[in-house]
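The values are calculated or read from the model by the stated rules, or taken from the named source; none is laboratory data. Remember, it's a predicted structure, so these values are computed and weren't measured experimentally. Quick reminder, even Gly has a Cβ in these numbers, built from the backbone with ideal geometry, and neighbours come from all protein chains shown.
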Amino acid sequence: MLNDKLQNHKLILASSSPRRQAFFKALGLDFEIRPKPIKEEYPNRLRHFEISDYLAQLKSLVFEQELKPQDILITSDTIVWHENKALGKPKSEQDAYHMLNAMSGKTHEVITSVCLKTIDAQLTVHDTTKVTFRVLSDEEIWYYIRNYKPMDKAGAYGIQEWIGQVGVSKIEGCYYNVMGLPVQLLYKSLEGFISK
């Protein structure tokens with residue numbers, strides 16, 4: 001359906017995340033994968049969704065000189081917001097342990113921002129989901145880290161993995177957002193973006 005409306009456009013997904021790529025395929029969209037590494041740094045003054053918005057937009061800047069008139073570039077970023085602090089990807093197994101231990105028995109927010117960009121327009125949207133973990137034992141946390149290697153995931157976990165199945169007691173909002181892409185929001189935003 002949406003693919004028909006996009007036939008005069010070329011979708012470029014600037015992400016190496018297999019989860020995000022799978023979502024695009026599931027939506028039936030034709031797209032090209034074109035990731036570019038960037039240093040994910042942001043000003044300290046930013047809070048909450050301002051951080052993921054900023055990083056999603058930052059990821060789009062490196063493409064500015066190469067976009068063609070029919071191109072729609074899609075970049076995104078996910079952070080975990082816990083106790084007024086952004087948790088990115090862990091730098092070590094110990095760092096992953098500290099993140100998961102800090103969230104154990106508590107509620108945190110997962111925020112994903114998506115930036116849509118063409119030669120002459122840009123739209124950034126974000127979605128927030130609240131996730132509650134039951135109290136996790138040290139043994140469970142280390143079992144997850146050593147067996148699932150969540151070093152490429154914000155907040156050191158993937159909700160679709162073992163830790164999500166045994167550790168998440170409550171979720172409020174979009175499940176897919178926690179996996180790294182608010183699919184419904186992206187779909188509606190893309191629809192509105194091309195009809196302007």
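Assorted remarks:
- Scanning the stretch 10-26 for residues that are surrounded by 18 or more Cβ atoms within 10 Å (Cβ to Cβ) and in a loop (DSSP other than H, G, I, E, B) gives A14, S15, S17.
- Residues that are within 21 Å of W81 (Cα to Cα), surrounded by fewer than 17 Cβ atoms within 10 Å (Cβ to Cβ) and of a type in the set (G, A, S), drawn from the stretch 160-196: S169, G173
- Out of G180, G167, G155, one residue alone is within 17 Å of G105 (Cα to Cα) and under 12 Å from the mean Cα position of the chain (by Cα). It is G155.
- Some residue of the stretch 139-155 being surrounded by 18 or more Cβ atoms within 10 Å (Cβ to Cβ), basic (K, R) and in a loop (DSSP other than H, G, I, E, B): yes
- Any hit, the stretch 98-111, residues being closer than 30 Å to N3 by Cβ, touching a strand residue (DSSP E or B) at 6+ places or on another chain (Cβ under 7 Å), touching a residue at least 40 places away in the same chain (Cβ under 8 Å) and surrounded by 15 or more Cβ atoms within 10 Å (Cβ to Cβ): yes
- Residue check, G164 within 25 Å of L100 (Cβ to Cβ), in contact with a helix residue (DSSP H, G or I) (Cβ under 9 Å, 6 or more places away or on another chain) and in a helix (DSSP H, G or I): yes
- Test set (1) at pLDDT below 95; (2) under 25 Å from K130 (Cβ atoms) - R45 fails condition number: (1)
- Close contacts from the stretch 22-48, counting a first residue that is hydroxyl-bearing (S, T, Y) and a second that is surrounded by 11 or more Cβ atoms within 10 Å (Cβ to Cβ), with Cβ to Cβ under 7 Å and a gap of 6+ residues or different chains, come to Y42/I51; Y42/Y54; Y42/L55.
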